Structure formats: structure tokens, C-alpha cells
Amino acid sequence: MRAHPYPREEERVAATLPGQIVVRLRLIGQMEAWTVASENVLPAGRKTRALLAAIALSGPRPALRGRLAELLWSRRPEEQARASLRQEIHRLLEVLAPAQTDILQVTRDHLSLTPGAVWIDVDEVMRATTSEPASLSLLDGELLEDLVGIDPTFDMWLTAERERLRDRARGVAEALLRDQDKPEAIIPAAQRLLQIDRAHEGAWRALMRAHAEQGERGMAIQAYDRCRTVLADLLDAAPSAETQKLLTEIRGPSSTPAGTLSNARLPVRAQAQVSEPVPVVPSGPEGTAVDGEPPAKEERLPRGGAHVGVLPMLCVGLSEEDSYLGPGLADEITTALSRFRWMFVVSSSSLTRFAQDNRDEAAIRRAFGIDFLLDGTVQRSRNKLRITLRLLDLRAGNQVVWARRFDRLADDLLSVQDEIAAEVVAQIDPEILLIEAKRSAARPRVDSTAYDLVLRSIPLMTRFERDSFRQAGEYLAQAIALEPDYAAAHAWYAYWHIFLVGQDWALDPNETMVRGGEFAERAVVLDPFDARALTIAGHVRAYLHHSLREAAGLHERALELNPNLAMAWAFSAMTHAYLGDADEAERRNNRYKALSPLDPNAFLFDVVFVIVPLLRHDHEAAAIAGRAVTQLNPSFSGGYNPYLAALGHLGRKDEAATVLRRLLTIEPDFTIERYMSRTPLERTSDREHYAEGLRLAGAPWS
């Protein structure tokens, strides 16, 4: 739920309302009720909320008491139902008292809201027309989505009300789409209609045609893929013959020169904003790949990736019956590494002949083309094990690029094996990724592969410097243009869009959120077994779209595929923090930290250690964690917000002023209202506590 009464579109609409409005009521999505002074007057009880909603939706006609009693207490005798109704009316009058106006009109037979005193989002949507369609954007969720299950009769009534609202909005959006004849107008009109009805094939076809007319064939094909996914999810159906025919036409030869990027959709940006490079599928008459299909009579080159091998460990001081631990640990690490889709892992059994005292790394590289080799020793002294591991970069003269020592008790050797393998792969994954990125950046840019472009983008993205960040986006757009079926490129580009919103660098945050979701969905469609793509998609759902339960499901799937992916544990922890489950968020982030204690991007994920104590009102712990996180990367704005809120509650005005000054350097337009409109925190109490801390810290409200 929002901590402020209405988002930007509601703000624009409300600004035009008469002065007598004293309460704003949001019924779409999770229910909210605010006075014009931003006091929360939402009833705590679900029955009381349902009563207020039913009265509001019956307007302008008053609601019959008998009908309200039947809606909310259909299983009770009439007299009991009416008695319960009287109690709820009394509670409702009490909760609306801060409005200092008689909002609720009560008579012997009817209940109604005072005409002109309450702004209701549903009324705005119902009043939308093709000449004034702006309020359609208020329909960004299901009507009263948090009130299902109140009563069977109420549920049936709610279903009918939802259909009535959607039908009205769909009719206006369809008429608006029919009125458009230029691609630049058709695209937002089609997207508006799809926000209302995701399974509207006519809107999907209009979107495909408009992108194709603008020369954005890759975007048109992505629109088809999203249409196919939505229809399968919602209707268990495939696109119609008409839609498939349109796809065939779009896949034909295009007038867009191969390898170019279309700027047709890029608006002129203010200097403080970062534009979004638009990937376009390279196409042409000479057999260039389209939508991931390889050219006819031409063999696609293998996509890049680090080649990694694991030597069986040397065993020192182990009995013959325990000597399996060396090769067993190597096998376990090899299996765990194979879950990372961007690596090519050589079977450890293939390297057995090199595992003796004479370990010839050069021969291993010649025989298997290995880039990185992991080896080590296992020693035993009484009931203690010492396992020493090192990672060699064979392309850099066998340089040791990572090393770690593990001391464990030898009580349960299989558990030790599993535990160490998990930590090893979680730690060397980001190390290898950064080494590969540096090596790729040092190579000439001529004839760069999509893999090279993705690697170059990753360190540039997390510097959080505007020029570097924009360059990272351009690299990712080019990677997708070169290889439209490259799941990792789509996933990292979705990740880039998260930061574009989070740093407040997007000129149009709503459009950026939509595009980030599109790239995340495409990544999952292209490779549903890529755990990193799944967890990034989950974070997009959580942070950009506030669909926290969908996000939790994607994170769980990612962890099933790769339980050693530290990023998945961290993003899963964030989602649970947004849900208000501080204990589970802490447990999952502790698991992330155990797997990757020296993560080079820890400043991104350690924010959870600031949010969790803030949720618990442990402001001192939140401030300590916030101070540490913001020192790791002072250009990342995400760490400052919970840190600042904690300082506000602690009353540390001098430190808060310094932190606020640093935050405003990154986000000059920062306000509590803007921030709270994009935070995914679900519980009202968490949002109010957060906002109050920011206010006490001196942050501007609007």
C-alpha cells in the first residue's frame, strides 16, 4: 500500500477537484483512505473496509441497509446481520472522524457518502472518455484485491463490480486505440488497453504492427512472445491464426539496416536523465538471424562463456576409507558450478589423470581449453579438516585470482563436502565474472560478440556514474540486437532498468518499469532454467511492479535451480523485507552473506541489513548498517533512504543533514512523496514508519 494518498496520476486528477473534497478513497488494488491532510482513515477491520467500499460503489444512489447486511453477513439470520451492521457503522463513523466532516450519511434505511466530499478512484475511471482518458491509468490492479473472502455473497457482488469496471474501461481504451493512425500514438494506446485487459489480442496485434512500422522488428517480435505467454497463462490458449500470420509478415525482410539501433522511440532527455537504448533485431536480406533463428545454411558460432575445470583435491593425512573426500569434493563443486548457465564446466573425472603430484596446468589448458582451474588440498589432523582451495587464471600465467581456507570438524564428511562446495561456487562466480569483464573491456571493440558486450556492461552498471551507466545500457541494447535469443542479455538489461528507476534517472519511470518487465519476461521465456535471469525477473516484479508474491515465486524457482546463487538469496531476502517479514528476510540475507561474504557488489544487497532493523524499529542497528553500506559505494542511492529514516527516528539531525545532502547530490528531485510512491513496502505501518523517519530527518515531503 502507498504511504501517500495517491500516485502521480491521482494527484493530477485530484488537483482539479472542488475544494469541498475532504477524503480520497482508493478502491483499485489494495484499499486506501486518506484525508486531504494526509491522515490515514482506512478502517482496520476487513468488514468495516468492505462496508465503506460497498457504500462508495453504490453511489450516487444510497445503499440499502438490508442489502449491505446481506452482502456482508449472508450466513447469519437477518436480525443478527443488522446488529452486526450497526456495530460496523459505529466503527466506520469513528475511523472517519479525523476528516472533521460528516462523510457518512446515515438514515433508518440507507447509508451514503456525502456528495462531493469524497474523491473515489473508481468514479474517475468510470468517467473516462476518449477525449479525457488519463484516469484509465488508475486501473492498475484488481478492484478491492485485499477484500476477497469477506463473505460468499460479497465475493459474487465484487466479481460483478470488477467486470463492470473493466468493461467500461476496456470500451474506452478500445475506442481510443481505434482513433489512432500513427505508430507513435498507437503504441501507448495499445499499452493502455493491455494494462486493462492483458489477453486482448487486438491490442497485441496493434502493438506488433506499430513497432514494425517504426522499424522496430525486434520489439514487434517480443510483443508477440509476450502475447503468447499471457494467453497461455490466462486462457491456456495459443495466439489466433490472425496473430500468427502477422508475426510471419513481420519476420520478413525489413528495411532497417543490419546492426543499427533505431532512435525513433527515444525522447530528448534532460541532462540529469539517462536515456534507454532500444535494442532492434538486426535484419537483412542476406540471412541475418531474426528472433533467435539462425541464418539458413550458416552455422551459428558458439556463445562465449568462461571454461572452468576442477581438479580432484590432494588428500594429506586421510585414511584410505576417507580418501574419497578429494575427488568427491571436486565432483560436488563441478556439479554446483554447472548450475551457472554462463560457464562451460569440464567434468572433474576428465581431469583425474592430471591430479597427481605433477599437475601440469599448461597441459590441462592445451587438452581442454580451460580458462580457470580450481585445485587444492584436503588435510586431516585428528578430528579436524583443513581444506585449502585456489583458483588459477590459466590465461594469465597461472595467476592465483582467488583463494580460501576452510577449517571444519570431520564428524560428517558428506555435510562438509556439500557446505564447502556451496560456498566455493558462490564466491568464485562473481570473481570469474569480473575477471572476464575486465578482459573483455581490454579487447578491441571491433566485432564484439553479444557475450563481450554483456560482460563490459556489468562493471559499468554498478559504478553508478551517469556516463558509465548509459554506456552499459547501450552495450546491452547492442547485445540484444546482435543475438535476440540471448537470455542473459535480456536479464542484465532488465537489471539495468531497475537501477534507472532506483537512481531516479528515468525521465518516464512508468515507461521504464514496463520496459524492464518486458526484458525480464523475455529472459525467462528464452531460458527458463537460468536461475540468475529468474531472480532478476523476480526483483523486477518486486521493485518495479510491487508484485511481491509473484516475485517470491520466481526467487523460489531460481533457488531450486541454483541454491548456491548468492544473488537469488539476496533478492529473495529483499522481497521478504518488502512483505514485512523481517525474520525471514534476515535469515535469507544471512544465507547470502554466508555464501558470499566478500561479494564485490555487497553494497547492493546489504541494504537488507538496514531495512530489517528499521522494520523492527531498532533504529540504532539500522543506522550502523546504513553507515557501512553507504561507505561501500557512495554513488548508490538505495542505501541512503533507510539509513536516513533511521537517523530521523534517532533524532540525529547533524548526521541526517549530511546524509540527506549526499542523497540530494544523487537525486536532486528527491522527496518523500516521490520515494514512497515507488517503494515496494507492502504494510501500511512499515510505510508510515519509513515516511515519518524521512520527515524527521528533514527530507522534503513534495
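Each of Tyr592, Tyr643 was scored by other Cβ atoms within 10 Å of its Cβ. Arranged with the fewest first, they read Tyr592, Tyr643. As a rough footprinting exposure proxy, the listed residues Thr671, Thr107 were ranked by other beta carbons within 10 Å of their own, and the order from fewest upward is Thr107, Thr671. Angle of helix 582-595 to the longest C-alpha principal axis of the chain, folded into 0 to 90 degrees and rounded to 10: 20°. By the rule of a C-alpha distance below 29 Å, with chain neighbours fewer than 8 residues away ignored, the lysines paired with Lys593 are Lys384, Lys438.
Going 7 Å from the Cα of Arg382 toward and past its Cβ, which residues in region 404-419 have a backbone nitrogen under 16 Å from where you end up? Of the residues in region 404-419, 408-411 have backbone N under 16 Å from the label point off Arg382. Here the gap between Arg75 and Ala97, fully extended at 0.36 nm per residue and compared with their Cα-Cα distance, gives a gain of 4.9 nm. With unit charges on the beta carbon (Lys/Arg positive, Asp/Glu negative), name the residue among Leu391, Pro597, Leu664 whose Cα is farthest towards the positive pole of the charge dipole of the chain. Farthest towards the positive end: Leu664. Placing unit charges on each Cβ (+1 for Lys and Arg, -1 for Asp and Glu) gives the chain a dipole about its Cα centre, and among Ala422, Val41, Gln30 the Cα reaching farthest toward its positive end belongs to Val41.
Go ahead and run the numbers for FRET between Ala160 and Asp233, Cβ-Cβ distance against an R0 of 25 Å, rounding to 0.05.
Efficiency, from the Cβ-Cβ distance: 0.55.
Gain on full extension, evaluated as 0.36 nm per residue between Asn590 and Ser635 minus their Cα-Cα distance, stands at 13.7 nm.
Relative contact order of the chain: what whole-number percent is it, with Cα pairs under 8 angstrom and at least 6 residues apart? Walk me through the numbers before you get to the answer.
Numbers: 1175 pairs, mean separation 60.6, N = 702.
That works out to 9 percent.
Using only the Cα atoms of region 8-169, build the gyration tensor, take square roots of its eigenvalues as a ≥ b ≥ c, and label the shape rounded, prolate or oblate: rounded if a/c is under 1.5, else prolate if a/b is larger than b/c, else oblate. It is oblate, given that a/c is not under 1.5 and a/b is not larger than b/c. Considering only the Cα atoms of the chain, their convex hull presents on average a projected area of 36.1 nm².
Each residue in Thr352, Thr449 was given a count of other beta-carbon atoms within 10 angstrom of its own, and listing them fewest first yields Thr352, Thr449.
The separation of region 314-335 from region 357-387, counted between C-alpha centres, amounts to 11 Å. The spacing between region 502-545 and region 626-682, judged by their C-alpha centroids, is 24 Å. Compute the long axis of helix 619-632 from its Cα atoms, compare it with the longest principal axis of the Cα atoms of the chain, and write down the angle in degrees, 0 to 90, nearest 10. So the helix axis and the longest Cα principal axis differ by about 50 degrees.
Ignoring aspartates and glutamates fewer than eight residues from Lys47 along the same chain, the ones with Cα atoms less than 12 angstrom from its Cα are Glu88, Asp146, Asp151.
Close amide H contacts of Trp119 (hydrogens built in the peptide plane, cut-off under 5 Å, sequence separation of 5 or more or a different chain): Val22, Val23, Arg24, Leu25. The angle separating the long axis of helix 217-235 from the principal Cα axis of greatest extent in the chain is about 70 degrees.
Once the Cβ-Cβ distance of Glu249 and Ala199 is raised to the sixth power relative to R0 = 35 Å, the FRET efficiency obtained is 0.95. Listed peptides 239-245, 524-530 appear in the order 524-530, 239-245 once ranked by packing, highest mean of other Cβ atoms within 10 Å at the front.
Taking the Cα centroid of region 566-583 and of region 164-212, what is the distance between the two, rounded to the nearest whole Å? Taking the Cα centre of region 164-212 as reference, the centre of region 566-583 is 36 Å away.
Coordinate-derived values only; no laboratory data. Just so it is clear, the structure is predicted and the values come from calculations on it, not from any experiment. Every residue, glycine among them, receives a Cβ derived from its backbone with ideal geometry; neighbour counts consider all protein chains shown.
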